[in-house]
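Structure, as structure tokens:
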Amino acid sequence: MEFKRFGNKVIMRIDKGEEVVGTIEKFCKDQKIALGSISGLGAAGRVKIGLFDVLEKKYYSKVFEGDYEITNITGNISTMNGEAYIHLHATISDHDMHAYGGHLNEAVICATCEVVIDIIDGIVDREFNDDVGLNLYKF
Ligand code: FE
């Protein structure tokens, strides 16, 4: 991974063999980035995305292996328990240009991934909401 920062914006390249979620999470922790938005695109050989079942309050995830375009990564940075908390969703497409999308757990890059992080000066924390079963923004 390499990046360049321009004021409150970061341009990042995640390389072949690197995993997107862990790379962005480590970067935000190392750089002490607490709040912001994330967007990206690229190509991955292994992607794990999930769906949150609201009745069961649990995630169902599926792994896709092969050639996939990451047509979109969208997400945000906030904090929980004093640490950077990354929330990412992604849409991927296959050889037939069919798309699959969901909550992004993991994406291993097979070509490149281009990410823009927009840093916001501020803090928004999260706390677990028992009713929903997720870590929600707390204001
Ligand atoms: Fe999600």
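So what is the diffusion coefficient of the range 2-138 in µm² per second by Stokes-Einstein at 20 °C and 1.002 mPa s, using a Kirkwood Rh over Cα pairs? The estimated diffusion coefficient comes to 139 µm²/s. Only alpha carbons enter this Debye calculation for the range 55-134, each as an equal point scatterer, and the log10 of I(q)/I(0) it gives at q = 0.23, 0.24, 0.25 Å⁻¹ is -1.19, -1.23, -1.27.
Please rank 10, 116, 132, fewest neighbouring Cβ atoms within 10 Å first, as an exposure proxy.
So the residues, fewest neighbours to most, are 132, 116, 10.
Electrostatic tally near residue 111: other residues with Cβ closer than 10 Å to its Cβ, Lys and Arg +1, Asp and Glu -1, net -2. Per residue, the chain reaches -2500 deg cm²/dmol at 222 nm when only DSSP H runs of four or more residues are counted, each adding -39500 (n - 2.57).
Springs join every pair of Cα atoms under 10 Å in this Gaussian network model of the chain, and among 96, 30, 118 the largest mean-square fluctuation is at 96.
In the range 37-130, which trypsin sites (Lys or Arg not before Pro) are in a loop and have at most 15 other Cβ atoms within 10 Å, using DSSP for the loop call?
57
Qualifying GluC sites (Glu not before Pro) in the range 35-108, where qualification requires a DSSP coil assignment and no more than 13 other C-beta atoms within 10 Å, comprise 56.
FYI, it's all coordinate maths here, none of it is from the lab. In this text, all values refer to a predicted model and were calculated from it rather than measured experimentally. Note that we place each Cβ from the backbone using ideal geometry, even for glycine, and neighbour counts take in every protein chain shown.
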